[in-house]
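In what follows, a single structure is set out as structure tokens and then discussed.
No value in this document is a laboratory result; all are computed from the given coordinates. Please read these numbers as outputs of a predicted model, since none were measured by experiment. Every residue, glycine among them, receives a Cβ derived from its backbone with ideal geometry; neighbour counts consider all protein chains shown.
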Amino acid sequence: MRNHSLVAIDVMDQWKAEFGDVYGYFVGMKPYVVVGDLDMVQQVLIRDFHKFVNRPAMGIEIRPVINTLVGLRSHRWKEVRRVISPTFSTRKMRQINSIINRCVDILVEVVGKHAEAQNEIDFYGVFQGLTCQVIGECALNTKVDCQRQPQDEFLNSLRQFLKQANNPIIDLAIYFPLVREILAVVCRVASPCGQFTQSIIDKVQGVINQRREDRLTGTSTPNHGDILQLLMEASENRQEDADETDGRVRPTHQLLTDDEIIANAWVFLLGGFETTANALTYCVYLLATHADVQEKLYEELRDYLGESSGDLETDYNTISQLPYLDKVFCEALRLFPPVVLFVTREAAEDAQLGDFHIPAGTNVQIPIWQIHHDPKLWPDPYRFDPERFEPELKKNRHPMAWIPFGSGPRACLGIRFAMLEAKIALAKLLMNYRLVPCERTEEKLTLSVPTVTLNPKAGVWLKAEKRELTSA
């Protein structure tokens with residue numbers, strides 16, 4: 001099922017039509033069961049989470065992936081998740097708000113230069129520059145200028161990493177488990193992916209060491225305001241935050257090792273780069289090709305934010321009070337979910353899903369694309385309609401019908417971060433510019449799934465027109 005195209009999604013569409021909501025297949029000797037029944041999805045991700053706590057074991061155990069929330073398993077995953085969760089609380093998001101705003105202001109500047117020259121703009125590349133800069137500063141304390149310099153070395157390294165992440169060596173590890181350790185060495189030492197990863201490991205370890213030394217000598221900055229600092233505070237048991245389930249404040253107790261700090265900063269870099277850039281790209285494509293929706297959203301932004309030319313410091317509270325912006329972004333995530341082949345859980349013990357017996361060790365896969373485009377759940381599912389997310393309609397909809405970030409305890413931890421960054425970017429962009437199709441705009445986007453993310457294969461080309469601001 002690993003591929004460089006939409007083969008996996010197309011095949012799963014065919015299997016759903018032929019076999020229904022539940023069916024199985026093998027990857028090598030490993031059984032997979034695809035579960036599209038929403039009650040069963042809820043059982044796997046939430047109600048019986050203790051039976052499906054782990055993601056599938058990795059084909060190759062490579063540092064730092066095995067030390068991340070993606071790769072950790074069972075008890076250690078629970079410990080690390082407990083420590084890291086407060087890093088993405090509402091209060092912590094407010095701390096990094098200024099970084100996001102500063103980077104988005106550069107985005108507006110870059111788009112403005114293209115608009116003035118009447119250039120066609122590949123917004124996929126533009127948003128990759130934005131998310132690379134935001135996540136580089138927030139997660140790794142790395143100052144880059146990849147928005148003004150689209151050929152920035154760090155940005156290109158990230159792009160190359162993701163292009164080569166779909167590695168045939170991983171296929172060999174799946175089909176021939178006995179040679180996994182040898183293949184892991186090959187991946188780590190010989191591949192560009194491994195070399196780039198090692199450079200990130202070395203950089204983050206250097207920042208950690210420097211900050212500790214600065215604190216010992218009394219020369220440290222009081223508040224770095226980035227995710228790396230929040231992870232370091234969590235590892236040193238100096239962090240308190242409200243528990244998301246009941247609001248009570250508890251101190252964190254479990255420590256993170258340096259390897260786990262580095263690993264999770266690394267995975268936040270990768271996760272925060274591609275997925276958010278994709279989500280923003282699809283959103284502006286939909287807005288440019290649905291002018292009525294774009295204008296309605298602009299009117300909401302103008303009413304809430306005022307005639308500010310989009311140069312205000314947009315904060316978490318403000319961005320959370322924009323209901324139509326939320327509807328638009330949620331509908332874009334439904335049509336184009338960021339990841340389509342990633343929400344998979346391994347059965348830790350025998351389990352019963354409806355009439356189906358799931359043996360221990362079976363991987364249970366949730367088909368997000370098929371769920372998000374099921375006409376029984378979403379009438380006319382390929383139509384862009386933000387009104388689907390009216391509060392009354394949402395209330396009457398199955399909670400598993402919309403799961404772009406997964407669901408349950410192992411859902412994407414950075415959802416607040418991604419939503420904040422994307423909404424600030426959309427708000428400031430649309431306050432300044434009207435987005436319109438151009439000659440290179442595809443009527444139907446050509447999509448690809450090189451790894452687990454849904455990418456626009458040829459980019460998304462649009463034009464931006466400067467808005468003439470008038471008094472409200």
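I need the P(r) histogram for region 389-472: all alpha carbon pairs, bin width 5 Å from 0 out to the longest distance, whole percents. Cα pair-distance distribution for region 389-472, in percent: 3, 10, 11, 14, 20, 18, 14, 7, 3, 0. Ranked by the mean number of other Cβ atoms within 10 Å of their residues, highest first, the peptides 430-443, 454-467 fall in the order 454-467, 430-443.
Rounded to 0.05, the FRET efficiency of the residue 26 and residue 448 pair, given R0 = 35 Å and the Cβ-Cβ distance, is 0.90. Compared with the direct C-alpha span, the chain from residue 57 to residue 348 gains 103.6 nm at full extension, assuming 0.36 nm per residue. For region 338-420, the Cβ-based charge dipole about the Cα centre amounts to some 280 debye (Lys, Arg positive; Asp, Glu negative; other atoms uncharged).
At a 10 angstrom cut-off on C-beta neighbours, averaged per residue, how do the peptides 406-414, 372-380, 201-209, 419-427 rank from highest to lowest? Intermediate values should be presented prior to the final figure.
Numbers: 406-414: 19.0, 372-380: 13.9, 201-209: 16.1, 419-427: 24.6.
Order by mean packing, descending: 419-427, 406-414, 201-209, 372-380.
If you take the alpha carbon atoms of region 106-146 and fit the smallest convex hull around them, that volume is 53 Å³ per residue. Using 0.36 nm per residue and subtracting the Cα-Cα separation, the extra length available between residue 396 and residue 439 on full extension is 11.4 nm.
What FRET efficiency, computed as 1/(1 + (r/R0)^6) with R0 = 45 Å and r the Cβ-Cβ distance, is obtained for residue 326 and residue 216, rounded to the nearest 0.05?
Numbers: r = 45 Å, r/R0 = 1.00.
It comes out at approximately 0.50.
The slack between residue 149 and residue 46, meaning 0.36 nm per residue of separation minus the straight C-alpha distance, is 32.7 nm. In region 280-366 the Cα-Cα distances spread across 10 Å bins starting at 0 as 14, 30, 21, 15, 15, 6 percent of all pairs.
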